[in-house]
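*Asks:* Have a look at the structure that comes next, please.
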Amino acid sequence: MTTPPLTYNDYTMHDRRPQRMKGEICMIHNLTVDEFDSFVSGDMPAIVDFWAPWCGPCRAMGPMIEEIAQKYEGRITVGKVNVDDERRLAQKFKIFSIPTVLMFSKGEAKKRITGLVPMDELTSAADELL
């Protein structure tokens, strides 16, 4: 079962997962190892942000990931993986630095972006998926 859509808000070092804000819907899914494969293997391309709540660049990238989710809603699915909670996924995809964004098409990783990058680099990569 897939986790319901979540919103991205400012994280503190103690937060473990994005919190849903009252009345706000954003299609970002908090992914676990159990649902990851079905999420990235769907009919739509998928963007997955590997992050941690203590990571400053990850927190800076969060609003850009949310903007991508809103801009491409219905065309690209967007998820987040907390590497502290889902270490097996981080190991499987050789995530050594965060933030790392992986872009999938039909279950296959097509592109990897590591580090805090400008929004136009994320949108260009998303456009390539379509």
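The values are calculated or read from the model by the stated rules, or taken from the named source; none is laboratory data. On a predicted model such as this, the values are computed, not experimentally measured, just so you know. Heads up, the Cβs are rebuilt from the backbone with ideal geometry, glycines too, and the neighbour counts pull from every protein chain shown.
*Asks:* Tell me, please, whether a residue that is in contact with a helix residue (DSSP H, G or I) (Cβ under 6 Å, 6 or more places away or on another chain) and crowded, with 19+ Cβ neighbours inside 10 Å can be found in the stretch 108-120.
*Replies:* There is no residue in the stretch 108-120 that is in contact with a helix residue (DSSP H, G or I) (Cβ under 6 Å, 6 or more places away or on another chain) and crowded, with 19+ Cβ neighbours inside 10 Å.
*Asks:* Still on this structure, please answer the following. Residue pairs, Cβ under 6 Å, 6 or more apart or interchain, first in the stretch 99-123 and within 18 Å of Gly42 (Cα to Cα), second β-branched (Val, Ile, Thr) and modelled with pLDDT of 95 or more. List them.
*Replies:* Matching pairs, first to second residue: Val101/Ile113; Leu102/Val48; Met103/Ile47; Phe104/Val40; Gly107/Val40.
*Asks:* If you don't mind, another one. Which residues, counting only those in the stretch 52-91, are in a loop (DSSP other than H, G, I, E, B) and not small (Gly, Ala, Ser)?
*Replies:* Result: Pro53, Trp54, Cys55, Tyr72, Glu73, Arg75, Ile76, Val83, Asp84, Asp85, Glu86.
*Asks:* When the stretch 22-36 is examined, which residues are found to be assigned to a loop (DSSP other than H, G, I, E, B), among the β-branched types (Val, Ile, Thr) and at pLDDT below 95?
*Replies:* The answer is Ile25, and nothing else.
*Asks:* With within 18 Å of Asn30 (Cβ to Cβ) and either within 11 Å of the chain's Cα centre (by Cα) or surrounded by fewer than 16 Cβ atoms within 10 Å (Cβ to Cβ) (or both) as the only criterion, which of Asp43, Asp84 stands out?
*Replies:* Checking each option against the conditions leaves just Asp84.
*Asks:* Also, quick follow-up: Taking the condition in contact with a strand residue (DSSP E or B) (Cβ under 7 Å, 6 or more places away or on another chain), at pLDDT below 95, surrounded by 13 or more Cβ atoms within 10 Å (Cβ to Cβ) and not small (Gly, Ala, Ser), does Thr3 pass?
*Replies:* yes
*Asks:* Would you be able to say whether some residue in the stretch 37-48 is part of a helix (DSSP H, G or I), under 22 Å from Glu108 (Cβ atoms) and of a type in the set (S, T, N, Q)?
*Replies:* Yes, the stretch 37-48 contains a residue that is part of a helix (DSSP H, G or I), under 22 Å from Glu108 (Cβ atoms) and of a type in the set (S, T, N, Q).
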